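To start, the structure under review is shown below, and the notes come after it.
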Amino acid sequence: MLLPNIEAHQVDAFDTLVHAHPLVIAKFFLPNCGFCITLDPIWKKLMKDKDIKRLNIPIVSVHSDAVNKSNSPCIKTIKGVPTIMAIKKGGIMKAKYNGENTYDGIKNFILNNVKQSGGGRVKRRVATRRRRRPGRGSQGKSKKRRGLHRKQVKSRKLFYLF
């Protein structure tokens, strides 16, 4: 779910977005920041990616002046811009991206956080238990075959060289 940018005058829009969804991916930026300008084409390319489009989470770019009056606890962790962050419901920071500003790095960050939270259309494998035969050990072998029989265990004697 790709959303338009949250501009500087939309303080309430960020708070309602963060409190309404279980996971939000947000990029905090300033329009006159050099690093934000170089990150912008990478971010736009990510928004066109098929894997990112299939996710059912809001991904948004937030003007950093829009969050100065916000009540969300994740705002206190922003030290500079650009900052890419995964935010849990209630405005709590789940993870902050600390890698290089590359296409693959940011894409992996987004996909890993969606998998961990269980959101989106990511399928989980269902674990199945194997049925054990009665009378066997935990590994399916008897104690004798595993070499743990009492007669086979020998005590070790310590000796010292002086």
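Kindly check whether there is at least one residue in the range 96-117 that is loosely packed, with under 15 Cβ neighbours inside 10 Å and of a type in the set (V, I, T). Yes, the conditions are met somewhere in the range 96-117. When K107, K115, K88 are screened for being over 19 Å from D12 (Cα atoms), charged (D, E, K, R) and modelled with pLDDT of 85 or more, only K107 passes.
When you look at D65, is it open to solvent by less than 50 Å² (accessible area, probe 1.4 Å), touching a residue at least 24 places away in the same chain (Cβ under 8 Å), out of contact with any strand residue (DSSP E or B) (no Cβ under 6 Å at 6 or more places or on another chain) and of a type in the set (D, E), yes or no? Against the criterion (open to solvent by less than 50 Å² (accessible area, probe 1.4 Å), touching a residue at least 24 places away in the same chain (Cβ under 8 Å), out of contact with any strand residue (DSSP E or B) (no Cβ under 6 Å at 6 or more places or on another chain) and of a type in the set (D, E)), D65 does not qualify. Could you tell me how many of the residues in the range 88-116 are under 20 Å from L39 (Cα atoms) and aliphatic (A, V, I, L, M)? Matching residues across the range 88-116 total 4.
Here is a yes/no grid of residues against (1) modelled with pLDDT of 90 or more; (2) open to solvent by 10 Å² or more (accessible area, probe 1.4 Å); (3) over 24 Å from G105 (Cβ atoms); (4) more than 19 Å from the chain's Cα centre (by Cα):
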| residue | (1), (2), (3), (4) |
| --- | --- |
| M1 | no, yes, no, no |
| Q10 | no, yes, yes, yes |
| I42 | yes, yes, no, yes |
| R54 | no, yes, no, no |
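You will find that of V81, V126, V122, V67, the residue that is under 24 Å from N32 (Cβ atoms) and at pLDDT below 85 is V67 and no other.
Exactly one residue out of P82, P22, P31 is in contact (Cβ under 8 Å) with a residue 60 or more places away in the chain and open to solvent by 10 Å² or more (accessible area, probe 1.4 Å), and it is P22.
The values are calculated or read from the model by the stated rules, or taken from the named source; none is laboratory data. What you are looking at is a predicted structure, and each value in this text was computed from that prediction instead of being measured. As a convention, Cβ positions derive from the backbone with ideal geometry for all residues, glycine included, and neighbour counts pool all protein chains shown. With ligands, DNA and RNA removed, areas are computed over all heavy atoms of the protein, side chains included. Shrake-Rupley method; radii C 1.70, N 1.55, O 1.52, S 1.80 Å.
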